[in-house]
Amino acid sequence: MAVGRRIAIIGAGHNALVAAAYLARAGHRPVVLERRHVLGGASVTEELWPGFFVSRAAYVAGLLRPAVIRELGLADRGLRLLRRDPSSFTPVPDGPGLLLGAAPQDTHREIARFSRADAERYPEYERFLDRVARALEPFLDAPPPDPARLRFRDLAPMAQLARRAFAMRGDLARATSLLLGPARPALEAWFESEPLRSTLATDAVIGAWASPSSPGTGYVLFHHVMGETNGERGVWAYVEGGMGRFSELVAAVARDAGAEIRPESPVASIDVHNGTARGVTLVDGTSLEADIVVSGADPHRTLIGLLGREHLPDPIARELDALDFRSPSLKINLALDRLPRFRDRTRGDAPGPEHSGTIHVGASTLDELDAAFGAAERGGLPDRPLIELTLPSALDATIAPQGRHVASMFVQYAPFTLAVGSGGWEIERDRFADRVCALVDEVAPGFSDSVLHREVLAPPDLERVFGLTGGNIFHGAMSLDRLLFMRPMPGWARYRTSVAGLYLCGAGTHPGGGVMGACGRNAAREILLDL
């Protein structure tokens, strides 16, 4: 294999950094060009206020691929994943709420307060999800087989999938129904009680322009349960030091292997000569020649924004225009002077079990989740949005001053463009954030008064700050027609584009969104095969 090729990598998101690390360790010379002053894309830690270090966009880890952590030696470099247990808390106004964790007896007791039948069924539900997730998991760590372009090396993962499908043949019809259909009827078939159903439904819609009643949300649910932390399946964690710590460690691996990383170096265009990508031009006019170009940006931003329509066949340009980048996501980052005190649950000022995981507030039934999405579809903002509140400083003392705390609120549904007459996001941004905080006040009185500082990132802000087209955290919808060999488009599943020498490595490629590192690792392996 020829070595020492110069590779221009656009963006320093976590997948681009992972790709750079693998390419540099193979003897090539990646140059990573990042628009912002901080590395990590949406997986960053920033000191927004003195002493408060905030995971400004991505906020929890649970999908990090074990192969990436192992092969890049991240644990030896200081990566610490702080296990969240209990993992989920859904407070209610008139009781202690619902706490879900790893201890089966405690989870049974919690669910039984709402339904004894649900408490009995929940362990089988978890086992069912685990069986299906294990069957699908081999496809995370390799490019998906493309039926139109099968290769010899595709046979092994296909055979592994066939074996696992055969082993779970008793569940196959039920699993297929959930993967292809909406999450709501599946959850209603399993369980009878709220807030259990709505709590579980959040994994099916988080980051998606969809309600639990939308087809395809069953797969999104599986996507969020296919991870592990420190060898424990289905366990989510905080990265000590914030999500940017992961990105910084990957960047250190890449640098040590010979990669060059340049922050504050925004790319203006991809340079093409005789139909082949041969480098990039920066905003300041500097040209950088390269043997190949790899982009960690989303497909539309890369191919329409940086490459240009003139280098694309008309059918491909039209298909890129048709990609769905609608986003429901709004992020609120907070500095608090104390932890929230939840009615009938919190005792004292010290962190309790209710503070460790994701706290579900606002929409607390499947009907309310559907109604919240309906409001966004009409260009409005819901009265009771879906709110995921996390308090990483309850487990991580390194990110806030002593006695103070960092909070993150991931909120749905918030459309990119508000309806005419609403006043737009300049007016609604803080109004909506006030409404979100008021919903937390319902179950944790005084929460709004504990806020010292606040940042509100609506979908247009997510696009502006992090370069996410439409504010979409997945670099494009993870709908059924944009998964596996159809992601980002049919025929593009192996990270190559229609332009020779130009590759994609971001979340818009297989296997999709979330802080996994899989897209970057898979892309690097395909690039190395070509080189």
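The values are calculated or read from the model by the stated rules, or taken from the named source; none is laboratory data. Worth saying up front: this structure is predicted, and the values here are computed from it rather than measured. So basically every Cβ, Gly included, is an ideal-geometry build from the backbone, and we count neighbours across all protein chains shown. Accessible surface areas use protein heavy atoms only, side chains included; no ligands, DNA or RNA. Shrake-Rupley method; radii C 1.70, N 1.55, O 1.52, S 1.80 Å.
Numerical summary
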| item | result |
| --- | --- |
| Backbone N under 11 Å from the Ala103 label point (7 Å along Cα→Cβ), restricted to region 353-376 | 353 |
| Fraction of antiparallel bridges per DSSP, region 1-149 only, in percent to nearest 5 | 55 percent |
| The chain, helix-only ellipticity at 222 nm - DSSP H runs n ≥ 4, -39,500 (n - 2.57), divided by all residues, nearest 500 | -10000 deg cm²/dmol |
| Karplus (6.51, -1.76, 1.60) ³J(HN,Hα), θ = phi - 60°, over region 30-43, in Hz, Gly and Pro reported as x | x, 10, 8, 10, 10, 5, 8, 7, 10, 8, x, x, 8, 9 |
| Helix 196-205 vs. the chain, principal-axis angle (Cα, 0 to 90°, nearest 10) | 20 degrees |
| Within region 300-347: Cβ-based charge dipole about Cα centre, in debye rounded to nearest 20 (Lys, Arg +1; Asp, Glu -1) | 720 debye |
| Computed lengthening from Thr417 to Asp449, 0.36 nm per intervening residue step minus Cα-Cα distance | 8.5 nm |
| Å² per residue, accessible surface of region 371-434 at 1.4 Å | 41 Å² |
| Whole-percent carbon and sulfur share, accessible surface of the chain, 1.4 Å | 52 percent |
| Positive minus negative residues near Thr365 (Lys, Arg vs Asp, Glu; Cβ under 14 Å) | -4 |
| Karplus-derived 3J(HN,Hα), 6.51/-1.76/1.60, for each residue of region 342-353, Hz, glycine and proline x | 8, 3, 6, 9, 6, 10, x, 9, 6, x, x, x |
| Long-range HN-HN contacts of Arg338 with modeled amide H, under 5 Å | His405 |
| Rounded to 5, the percent of DSSP beta bridges in the chain classed as antiparallel | 70 percent |
| Distance (nanometres) between label positions extended 7 Å along Cα→Cβ at Arg338 and Ala371 | 3.2 nm |
| Ala397 paired with Arg318, simple spin-label distance in nm, labels 7 Å along Cα-to-beta-carbon | 6.2 nm |
| Angle between the chain longest axis and helix 425-443 axis [Cα atoms, degrees, rounded to 10] | 40 degrees |
| Karplus-derived 3J(HN,Hα), 6.51/-1.76/1.60, for each residue of region 189-195, Hz, glycine and proline x | 6, 7, 10, 10, 10, 9, x |
| Distance between modelled label sites at Ala165 and Arg113, nm, 7 Å Cα→Cβ extension | 4.3 nm |
| Anisotropy class of region 1-76 from Cα gyration tensor, a/c 1.5 cut | oblate |
| Size of electric dipole in the chain: Cβ of Lys, Arg +1 and of Asp, Glu -1, about Cα centre, debye, nearest 20 | 1380 debye |
| Selected from Phe325, Ala433, Leu366, residue furthest toward positive end of dipole (region 315-455; charges at beta carbon) | Ala433 |
| Extreme residue, positive dipole direction of the chain, given options Asn230, Pro415, Ser211 (C-beta unit charges) | Asn230 |
| In range of the label at Tyr125: residues from region 358-399 whose backbone nitrogen is under 17 Å from the point 7 Å along Cα→Cβ | 358-361, 364-370 |
